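Below is one structure, written out as structure tokens; comments come after it.
The values are calculated or read from the model by the stated rules, or taken from the named source; none is laboratory data. The structure displayed is predicted, hence computed values, not measured ones. Positions of Cβ are generated from backbone atoms using ideal geometry, with glycine treated the same way; all protein chains shown enter the neighbour counts.
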Amino acid sequence: MAKQLIECVPNFSEGSNMEVIRQITDEIESVEGIKLLDVDPGKATNRTVVTFVGEPLPVIQAAFKAIKKASEIIDMSRHKGEHPRMGATDVCPLIPISNITMEETAKWAHQLAENVAQHLDIPIYMYESAATSPERKNLATVRAGEYEGLPEKLSNPEWKPDYGPAQFNPQAGATAIGARDFLIAYNVNLNTTSVRRANSVAFDIREKGRVKRKGDPIVGEVVKDKNGNALRVPGTCKSVKAIGWFIEEYGVAQISMNLTNIKDTPLHIAFEECCKSANSRGLRVTGSELVGLVPLKVMLDVGRYFLSKQQRSLGVSESELIKIAIKSLGLDELGEFDPQKKIIEYQLRANESRPLINMNLGAFANETASESPAPGGGSISAYVGALGASLGGMVANLSAHKRGWDARWEEFSEWAEVAQQLKDELLYLVDEDTVSFNKVLTAFRLPKGTKEEKETRTKAIQLATKYATEVPFQVMEVSNRIFDLCRIMAETGNPNSVTDAGVGALCARTAIHGAFLNVKINAAGLNDKAFVKDILSKGKKLVSQSNKSEKEIMKIVDGKI
């Protein structure tokens, strides 16, 4: 069964004392199975956002230990900071990451809340998808009055905590525990020190907007409905919460936002709306900052959006898209933005071993030429295929940028994106072919002293060998898709690069022929004859197709040179 993963993003009311923060994160990391992804302290807000991930039970164990430690070493009676807060652990949301529903995640949130209330005597309020009533779903509503308002709130029967005592805890305050979708905490920097002007921009863009007034939008009479409720003018960005504040550490005002549903309002749209509002008020957006982690897709979408605005090809590498996103949003204005630390998927991949594709060309060639049997023909075939896809992508990008072909940039951009996808799949298979070979070696080294050990070893060898057969076959299938790319580029792409499309086709054919050699030699050691017959039959067809496709493309190329 696939592993269930949830993310936990507790916010602690301490942003400058790194020893206090370290004690809390040490508690989190003491739980086996937990990966600490990010620790993001803010001096002006006096708040630290911590992000960690794992399976549900270890996550709530780590969250409990962190909440306990925070209640012991943070004194809320002395806390001052720009950000709204009501407890030492102010909020503690759980976020479903993979193979788990929101409903299941909410149940884990309630289990955490019950444990905290039972053992730590901290009032707990549930919010978002774990809320016990519609009135408590919104975090801002739950946190209204903040720490200073807790004595009065706790004495009000309508605000009885969902868990824990209805008694004021002067040191720990209260905590909101919830389950929610992935939220992006995002601040946009302005060239002003005015909180009032920053708030004006925030009101323009946040979903709930501002109170509607007659005449002057600041001091004019509030417009009300027939029931006496104030009417509101909605903002431009759905699922966005925002306020303006001044950050003394940076000496600028910011629009501080929570993007609660990035499908409703992507990051780049929130940024653009801030720019529009700021410009209309004589202000300038100078940059922005992300608090905590961000999904990879969000950054890639930002890069593609700004490339599209320039009418440039979107078929560039992942790293280039991220670079464009960072520069377009000004994420490096206030400090370094390290994608390896700020993008959640990169954090989760940190322990993956992909040594071959991280080598330089010389080192890769030297490793191939060494006495080690891996990398071998399978990895080289995958790499040759990746080079073929890259050449097709190069022709597409050159065509998209060709002077006089501006009307066709989207057509070639789409092909360049196809090329990037094929290249990335094949680069993954460069290392995976070596991984599969090493699995076979590991299986052969298993003990074989007893009958049971022999049976286990034989089964492991067969499984590993089957996988070592499937990997080069994947190389064949992916490489076969390169021909369509190279054919179109040879026919309609930049005529100055037609030979590059031809070389791309030659690489694809080489990759398919080379990978099939690995398929055949590995399949020879398999006992599953039906599998062997099927994969060899499919492989022969791909080889035959590659010969035909390569000849067709070379005929086009020869006709143009």
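Structure notes:
- Counting the residues of the range 150-170 that are in contact (Cβ under 8 Å) with a residue 40 or more places away in the chain and out of contact with any helix residue (DSSP H, G or I) (no Cβ under 6 Å at 6 or more places or on another chain) gives 6.
Residues are listed down the side, and each one gets a yes or a no for (1) at pLDDT 95 or above; (2) in a helix (DSSP H, G or I):
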| residue | (1), (2) |
| --- | --- |
| TYR186 | yes, no |
| ASN199 | yes, yes |
| PHE203 | yes, yes |
| PRO217 | no, no |
| GLY228 | no, no |
| CYS237 | yes, no |
| TYR250 | no, no |
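- Matching residues in the range 203-251 - criterion: being touching a residue at least 40 places away in the same chain (Cβ under 8 Å), in contact with a helix residue (DSSP H, G or I) (Cβ under 9 Å, 6 or more places away or on another chain) and farther than 25 Å from ASP181 by Cα: TRP245, PHE246
- Residues satisfying the stated conditions in the range 509-530, i.e. over 25 Å from GLU550 (Cα atoms), surrounded by fewer than 19 Cβ atoms within 10 Å (Cβ to Cβ) and touching a residue at least 24 places away in the same chain (Cβ under 8 Å): GLY525, LEU526, ASN527, ASP528
- MET476, sole failed condition from (1) farther than 25 Å from LEU517 by Cβ; (2) surrounded by 21 or more Cβ atoms within 10 Å (Cβ to Cβ); (3) not β-branched (Val, Ile, Thr): (1)
- Every condition in (1) under 25 Å from the mean Cα position of the chain (by Cα); (2) small (Gly, Ala, Ser); (3) more than 21 Å from PRO123 (Cα to Cα) holds for GLY81 except the one numbered (1).
- Residue selected from the range 17-44 under the condition farther than 19 Å from ALA172 by Cβ and part of a loop (DSSP other than H, G, I, E, B), by the criterion nearest to the chain's Cα centre (by Cα): ILE34
- Single match in SER313, SER319, SER288 (criterion: over 26 Å from TRP405 (Cα atoms) and outside any helix (DSSP H, G or I)): SER288
- Scanning the range 273-287 finds no residues that are under 20 Å from the mean Cα position of the chain (by Cα) and under 16 Å from LYS327 (Cα atoms).
- Restricting attention to the range 323-365, the residues that are in a loop (DSSP other than H, G, I, E, B) and either polar (S, T, N, Q) or closer than 23 Å to VAL291 by Cα (or both) add up to 15.
- Selection of the range 120-146 for residues being touching a helix residue (DSSP H, G or I) at 6+ places or on another chain (Cβ under 8 Å) and on the phi > 0 side of the Ramachandran plot yields GLU128, GLY145.
- Flag if LEU348 is modelled with pLDDT under 90 and farther than 24 Å from ILE512 by Cβ: yes
- From the options SER537, SER549, SER544, residue that is more than 21 Å from GLY388 (Cα to Cα) and either part of a helix (DSSP H, G or I) or assigned by TED's automatic domain parsing to the domain that holds ASP433 (or both): SER537
- Residue identified as more than 20 Å from THR25 (Cβ to Cβ), buried (at least 19 other Cβ atoms within 10 Å of the Cβ) and not polar (S, T, N, Q) among ALA140, ALA131: ALA131
- If the condition is being without any contact (Cβ under 8 Å) to a residue 40 or more places away in the chain and surrounded by fewer than 19 Cβ atoms within 10 Å (Cβ to Cβ), then the range 13-24 contributes SER16, ASN17, MET18, GLU19, ARG22.
- Looking only at the range 296-328, and only at residues there that are surrounded by fewer than 18 Cβ atoms within 10 Å (Cβ to Cβ) and among the polar types (S, T, N, Q), the one that is nearest to the chain's Cα centre (by Cα): SER319
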